[in-house]
Amino acid sequence: MRIESTLLIFSSLLFCIGLALLLNRKNLVHLLIGIELMLNSANVNLVYFSKIHGEDGVLLVVFLLLIAVCEAAVGLAIFLRAYRFFQSSSATMMKNIRES
Amino acid sequence: MSEGFLFTCEAATLLCAVGILFSRSIFTSTMLFLSSCLGIAGIFYSLDATYLFVAQIAVYGGGIVVLFLFAIMIAGQKEQTSTREWSLTGLLPPALLFYLLISRIDFSTTSQKDTIAYTAEETGKIIFSSYLFPFELSGILLLIALLGAILISIQKPESHEN
């Protein structure tokens, strides 16, 4: 087995760990960390494929980093708003949100 | 770059990610997330993507983790979970997905020797020649996201709490 296939196994394992974080943990910061881990695993795949095939996958990763920053900023703003309203950082509190 | 460095980075990243899944304190999780991001930066370095190596450290270590720490500072660390949050039913879908992904990997492809190494110089040339317009657009997107974050988190004076 060569070095390349270990990278593919690594990135799929990292993606699954991020998904497990999303499905299991209840804290909103944990959910954001899970989303970031999934984005990171996609980035590793893109860099690896751009190294193999010589396409501009690296540039896509640059834009994905920007998207990750935007997502973290907006997500944490929503987290702060929800914490101020519910006085709790658990995501299960937010299942009561309804439009009145 | 030696393959041992790549393996070390992969193992460290995966260990830190698993640690996030099972840690009880949110602060520990954030620190483990920082170390896993540094491990991914090492992977980028060993894949000859030096610009992404620096950008990953700057964006995650200097931006996102600091934002997480800021949120923890605001929200407090009092809600440490005493019981375990993960369950077998919650771990089953990721395990199934992992099996599906692994079964689709084609292990026979090998890298060609004459590919471009995306060093910082090469990446900068590409960004400022053929990808200039998307790059400027992404700057506008970042500005809009920051304004939106301020608008969401600002506390209106007339609204009363709960």
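The values are calculated or read from the model by the stated rules, or taken from the named source; none is laboratory data. Computed from a predicted structure; not experimentally measured. Backbone-built Cβ (ideal geometry, glycine too); neighbour counts: all protein chains shown.
A few points about this structure:
- Taking the criterion of being assigned to a loop (DSSP other than H, G, I, E, B) and modelled with pLDDT of 80 or more, the only residue of the range B:84-104 that qualifies is B:SER87.
- Considering only residues in the range A:33-58 that are of a type in the set (A, V, I, L, M) and at pLDDT below 90, the one that is farthest from the chain's Cα centre (by Cα) turns out to be A:ILE52.
- Set B:SER111, B:SER130, B:SER138: member being part of a loop (DSSP other than H, G, I, E, B), surrounded by 11 or more Cβ atoms within 10 Å (Cβ to Cβ), at pLDDT 85 or above and outside the structural domain of B:ARG24 (by TED's automatic domain parsing): B:SER130
- Extreme residue, nearest to A:PHE49 (Cα to Cα), among residues of the range B:1-54 that are touching a Cys at 6+ places or on another chain (Cβ under 6 Å) and facing another protein chain (nearest Cβ under 10 Å): B:ILE43
- Taken together, the residues in the range A:1-14 that are more than 7 Å from chain B (Cβ to nearest Cβ) and either in contact with a Lys or Arg (Cβ under 8 Å, 6 or more places away or on another chain) or crowded, with 23+ Cβ neighbours inside 10 Å (or both) amount to 1.
- Test: residue in the range B:12-30 that is in a helix (DSSP H, G or I), outside the structural domain of B:ALA149 (by TED's automatic domain parsing) and within 18 Å of A:LEU65 (Cβ to Cβ): yes
- Checked against the criteria, A:PHE49 does not count as facing another protein chain (nearest Cβ under 8 Å) and surrounded by fewer than 21 Cβ atoms within 10 Å (Cβ to Cβ).
- Once the range A:21-31 is narrowed to residues that are within 7 Å of chain B (Cβ to nearest Cβ) and in contact (Cβ under 8 Å) with a residue 12 or more places away in the chain, the residue that is surrounded by the most Cβ atoms within 10 Å (Cβ to Cβ) is A:LEU21.
- Residue count, the range B:31-53 (criterion: crowded, with 21+ Cβ neighbours inside 10 Å and not in a helix (DSSP H, G or I)): 2
- Within the range B:61-76, considering residues that are part of a helix (DSSP H, G or I) and touching a Ser or Thr at 6+ places or on another chain (Cβ under 9 Å), the one farthest from B:LYS125 (Cα to Cα): B:ALA75
- Yes/no for A:LEU65 being out of contact with any Ser or Thr (no Cβ under 8 Å at 6 or more places or on another chain) and either crowded, with 19+ Cβ neighbours inside 10 Å or of a type in the set (Val, Ile, Thr) (or both): yes
- Number of positions in the range A:52-64 that are more than 7 Å from every other protein chain (Cβ to nearest Cβ) and either within 15 Å of A:SER12 (Cβ to Cβ) or of a type in the set (D, E, K, R) (or both): 1
- Residues in the range B:67-83 that are modelled with pLDDT under 90 and more than 8 Å from every other protein chain (Cβ to nearest Cβ): B:MET73, B:GLY76, B:GLN77, B:LYS78, B:GLN80, B:SER82, B:THR83.
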